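The structure under discussion appears below in the form of structure tokens.
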Amino acid sequence: MTLLLRCPHCEAENTVDATRAGQLSSCGACGKAFTIPRSQLVVAPLVAQTVEAVPIRRRSGWSGMAIVLAGVGGLCLVGFVVVGIIAALLPSLANVRDTQRTIMCEFNLITLNDAIESYVDENGNLPAAYTVDPQGAPACSWRGTLLEKLGFASIYEQIDFGQPWNHAANEGLRDSVVASYRCPSDLTEPQMTSYAGIVGETLVLRPGGESTTMAVAKKDGAQNTLLLVELRDSDIVWLAPRDLDLTAAKESLNTSGQLGVGSSHVDGFHVLFLDGRTDMLARDVDPDTFEALITPAGGELVDAYEVGLDVEEVENFEVIE
């Protein structure tokens, strides 16, 4: 550091090195010697370097607005991209949900079959389409008969099967929700059943409280005879002694807005065969072909491909090349 020191003899100013403080020096003006004192040092003023001022540019209002608009535009673009991605994924998500509900619906029929097999093992025959009251009139559905086998013993034990399903003795029970009778895709009231049988004098389920055995399908084979079908737009309370007759079942195929055979699934509707196999029939199945699957002793030949069945699991079906 450079210091400015006044000579004690002539008061002339001398420039000295700060590192020499406490040492002898000589005045450049008078030549006399002097000691550079530590306490009397006067720091020489530093030479200030001039720095050219840099002008500050201020953005105009239009420039600021442009930046804001650019930011908003970027956010909008991101928003459009996100919306586009969501829109693209929605069909896939819908398909996933339908697949899950389809699997759960099929599982319901598998559960019903297990209950029916347990009933047959215990009683030697299939459950009747319905129980009857003392006058012989329909009282309660086969769906009520199976409750104990389905794990709903508490409801089963409260039902008076000798009284009509809507009798005061059964009041409140008919409004109970039995999950095994509900397809997850069904949008009707929760006490409505999604599954029914086809009732007829010569069919597996017969009117009048009559029971049949597996031998009823000896001619066509249990593996080729339908026991239960899925319903669409059901208005049948699960405990009510109602199912479909053959005519109503055929006429309700491929229709909407009314009770009938069908479903909300994309690929078709579920069915349960007498041998315990579940499958899905095509929506556009021919009514006469459908009838052939319902009759247990009709001896008809059915095109498995036309019906939409899994051919590898089907026996005694005619496969038309």
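Here are some notes:
- Residues with amide H under 5 Å from that of L231, placed H, sequence gap 5 or more: Y195, A196, G262
- Cross-link reach list, lysines versus K218, counting only Cα pairs under 19 Å and skipping chain neighbours closer than eight places: none
- Radius 10 Å from Cβ of L272, net charge of other residues (Lys, Arg +1; Asp, Glu -1): -3
- Label point distance in nm, C10-K219, each placed 7 Å from Cα along Cα→Cβ: 14.9
- For S176, the shell of other residues with beta-carbons less than 15 Å away shows a net charge of -3, using +1 for Lys and Arg and -1 for Asp and Glu.
- Extension gain (nm, one decimal) between D17 and D288, 0.36 nm per residue minus Cα-Cα: 85.6 nm
- Taking a Cβ cut-off of under 14 Å around I116, the surrounding Lys, Arg, Asp and Glu residues balance to a net charge of -3, with basic ones at +1 and acidic ones at -1.
Readers should treat all values here as calculations from the given coordinates under stated rules, not as data from a laboratory. Everything numeric here is computed off the predicted structure, so don't read it as measured data. Positions of Cβ are backbone-derived with ideal geometry, glycine not excepted, and every protein chain shown enters the neighbour counts.
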